[in-house]
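The values are calculated or read from the model by the stated rules, or taken from the named source; none is laboratory data. None of the values given here were measured: they were computed from a predicted structure. Note: ideal-geometry Cβ built from the backbone for every residue, glycine included; neighbour counts use all protein chains shown. Remember, those area values only see protein heavy atoms, side chains included, never the ligands or the DNA or RNA. Shrake-Rupley method; radii C 1.70, N 1.55, O 1.52, S 1.80 Å.
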Amino acid sequence: MHILVILAHPDPKSFNHAIAARAMETLATNGHRAILRDLCAEGFDPLLPAGEIPRGATLPADIERHCAETAGADGLIIVHPNWWGMPPAVLTGWVDRIMRPGTAYEFVEGDDGEGVPQGLLKAQKAIVFNTSNTEANREETVFGDPLERIWKDCVFGLCGVPDVTRRMFRIICTSTPEERKAWLDETARIVSETFPAEP
Ligand SMILES: Cc1cc2nc3c(=O)[nH]c(=O)nc-3n(C[C@H](O)[C@H](O)[C@H](O)COP(=O)(O)O)c2cc1C
């Protein structure tokens, strides 16, 4: 399968980078063709210009490439830390610019944008790996775990990806090397369960 991995973290020494590296290694072991897009390393510009908003707009070559990779992937993996209950801005900007009408979703005929769109992404499965420093009960009761709704409903649900596995690793700032090793082993397990070895 052709799997696209999107990583949003500015520090190559971060645990997020370790998660993405382990996911890539597991995908290769399982015989998949995987592309890693490290948004910060490539200097992805998250600002959606006005001229790109209309359906069918002419897009810069790098944005076209991101759109084609995302629309054509058989599976998607997103890796990012919890920043203010949101993905880092570079990743929300990637969603703004890449999840476009015509490639990621489409309004049905006669709908000017007020209705429920149809998802267009080819991928039927996605994994979201998150990290945070908030204890689980506080995340649920005080903040309502906004990343769960953002990815499962607002983005992948709308773009036609029904099967979304999300795993939040916590608490990173006090974690031991043993915990981090176990989390990376779990990352490999989740990736293998979702995208098993090619026959
Ligand atoms: C700008 C910023 C905002 C953050 N907001 C939150 C937050 O809302 N909730 C939380 O639990 N942690 C928050 N954190 C902590 C990060 O989630 C944490 O540093 C990260 O998950 C650790 O993973 P890493 O080692 O890969 O950086 C924030 C960190 C930064 C830099």
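Observations on the model:
- When Ile172 is tested against the conditions (1) touching a Cys at 6+ places or on another chain (Cβ under 7 Å); (2) open to solvent by 30 Å² or more (accessible area, probe 1.4 Å); (3) within 22 Å of Ala20 (Cβ to Cβ), the lone failure is (1).
- One residue alone among Glu193, Glu140, Glu186 is within 13 Å of the ligand (Cβ to nearest atom) and either over 13 Å from the mean Cα position of the chain (by Cα) or surrounded by 14 or more Cβ atoms within 10 Å (Cβ to Cβ) (or both), and that residue is Glu140.
Each row is one residue, and each column tells you yes or no for (1) in contact with a Phe, Trp or Tyr (Cβ under 6 Å, 6 or more places away or on another chain); (2) of a type outside the set (A, V, I, L, M, F, W, C); (3) open to solvent by 40 Å² or more (accessible area, probe 1.4 Å); (4) closer than 20 Å to Thr165 by Cα.
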position: Ile63; (1), (2), (3), (4): no, no, no, no
position: Ile77; (1), (2), (3), (4): no, no, no, yes
position: Pro88; (1), (2), (3), (4): no, yes, no, yes
position: Gly110; (1), (2), (3), (4): no, yes, yes, no
position: Leu120; (1), (2), (3), (4): yes, no, yes, yes
position: Phe129; (1), (2), (3), (4): no, no, no, yes
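- Close Cβ contacts (under 7 Å, 6 or more residues apart or on different chains) running from residues in segment 3-28 that are farther than 14 Å from Pro87 by Cβ to residues that are of a type in the set (S, T, N, Q) and within 8 Å of the ligand (Cβ to nearest atom) comprise Phe15/Thr131.
- Residues that are over 14 Å from the mean Cα position of the chain (by Cα) and more than 10 Å from the ligand (Cβ to nearest atom) were ranked within segment 1-23; the one that is most open to solvent (accessible area, probe 1.4 Å) is Pro12.
- Taken over segment 24-50, residues that are outside any strand (DSSP E or B) and open to solvent by 60 Å² or more (accessible area, probe 1.4 Å) amount to 9.
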